[in-house]
1. With each run of n ≥ 4 DSSP H residues scored as -39500 (n - 2.57), what mean residue ellipticity at 222 nm is computed for the chain after dividing by its residue count and rounding to the nearest 500 deg cm²/dmol?
2. Subtracting the Cα-Cα distance from 0.36 nm times the residue separation, let me have the gained length for residue 306 to residue 174 in nm, one decimal.
3. With a 10 Å radius around each residue's Cβ, average the other Cβ atoms per peptide and rank 60-66, 144-150, highest first.
4. Quick check on packing: order 184-191, 242-249 by the mean number of other C-beta atoms within 10 Å, highest mean leading.
5. Starting with the fewest neighbours, write out 234, 55 ranked by other beta-carbon atoms found within 10 Å of each beta-carbon.
6. Can you give the extra length, in nm with one decimal, that the chain gains between residue 120 and residue 277 once fully stretched, where that is 0.36 nm per residue apart less the Cα-Cα distance?
7. For the chain, what proportion of DSSP beta bridges, expressed in % and rounded to the nearest 5, is antiparallel?
8. Taking the beta-carbon count within 10 Å as an exposure proxy, list 203, 320 from fewest neighbours to most.
């Protein structure tokens, strides 16, 4: 489906929203201010001891949220416990929880849905993910694939891999689409892991963090006309540490918004915008959120135009408060209603 030269993704575009203005893309909406967000409780808790998601902290999670056929799919990374070497998470894998309202979620009984341990090393696994529904209605998940040379080493690297699903639960893996040791990839050299993705104007765009030769935790973007061939990579933000966030939200007027989690010490969120066709060119911050207590860090955001509501899912990156994911909501307000 195409509207005014750009392709509207399935997540927000297959449906004809009441009041939508397609002459200039989707009806443009206001970015919520921090006081606009209201916490609505815990949506996911860690599993029992020894289960695949017994630990929910120590990775970029929650990782992605999409809506398909009226159902919310919240993707998150879990670990089976703690490593004996350094106490970090072991055997990290990706799972999903489903909801009809974005507030009350049920874990999928077939979890985990994506695993990655080629060397059978407990350090390996899935570190992050960015998801989108493509033009065919399939879910594309770009995920951070932690890789080790052998079973015992504590030194790991991270590729960007791709998995695809029709039902948002069962996935076909396409392997690595960006490699940490590929010199043609911006930020190569150590770990690269994806945060968010979108499709527009015949191009796939994936935001990712690089920890390699550009200084740790910098933001880049990979672009390509094929979902698994992202040949063009560029720098996006290089003057601060980028921890997470970066789910592209279509806010109208041919623009996307990124809710970017920054700075390990100060822990804040910058909301920046970009034109659909220039994902590497971000605006200055249009909103800035200070830390949501108690130290919630990892963040994914979804805008539901049907429900006229924003959803924000967050988790803390530590043992205390780190084994649960909470949801916040904010009202969706069209810009033209502010005049």
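Just so it is clear, none of the values below were taken in a lab; they were calculated from the coordinates. Computed from a predicted structure; not experimentally measured. Positions of Cβ are backbone-derived with ideal geometry, glycine not excepted, and every protein chain shown enters the neighbour counts.
1. 0 deg cm²/dmol
2. Length gained between residue 306 and residue 174: 44.3 nm.
3. 60-66, 144-150
4. 242-249, 184-191
5. 234, 55
6. 52.5 nm
7. Bridges in the chain are about 95 percent antiparallel.
8. 320, 203
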